[in-house]
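One structure below.
The values are calculated or read from the model by the stated rules, or taken from the named source; none is laboratory data. If you're wondering where the values come from, they're calculated on a predicted model, not measured in any experiment. Cβ coordinates were reconstructed from backbone atoms using ideal geometry, including for glycine residues, and neighbour counts include every protein chain displayed. Side chains included, ligands, DNA and RNA excluded: accessible areas come from the protein's heavy atoms. Shrake-Rupley method; radii C 1.70, N 1.55, O 1.52, S 1.80 Å.
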Amino acid sequence: MILVTNTIKIKAGHADAVAERFMNPKGVQHAPGFVRMELLKTEGVEEHDELKVCTTWESREAFDSWVNSDAFKEAHGRKGGAPSQGGGQHGRPASEGQAEQSGEGPIMLGAKLTIHQVLFTHPKEQA
């Protein structure tokens with residue numbers, strides 16, 4: 001099992017608006033091997049806002065199949081292929097989203113994709 005984290009730097013004050021875009025997934029929930037998605041908002045960052053989009057997959061192959069699928073390309077509004085390690089929103093190039101502007105410039109400041117192997121999980125114990 002793997003956990004894929006996309007850390008997105010956002011212009012200060014815009015994290016909640018960007019987070020709303022993740023409320024209704026655009027197909028990832030139907031991808032073979034998809035387990036779950038969580039959206040985290042980082043606290044204590046003053047110079048910018050930060051969101052972490054975390055998806056859990058049964059395998060690296062399942063994740064790779066998603067990012068190379070037509071459904072992924074459609075959900076992300078692009079025709080390109082697989083992401084690079086430094087890519088943006090689950091494969092979006094970090095520069096994509098730069099066109100999204102506030103009155104003072106781009107809202108999306110960058111993104112970094114990291115992939116982690118899940119070694120173990122401790123579920124909550126039942127009383």
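Could you tell me what percent of the accessible area of region 1-56 is made up of carbon and sulfur, with a 1.4 Å probe and every protein chain present?
So the carbon and sulfur contribution to the accessible surface is 51 percent.
Would you mind giving the average projected area, over all directions, of the Cα convex hull of region 1-60 in nm² with one decimal?
For region 1-60, the mean projected area of the Cα convex hull comes to 4.3 nm².
Sorted by average packing, counted as other Cβ atoms within 10 angstrom per residue and highest first, what order do 36-48, 53-65, 113-125 take?
Ranked from most to least packed, the peptides come out as 53-65, 36-48, 113-125.
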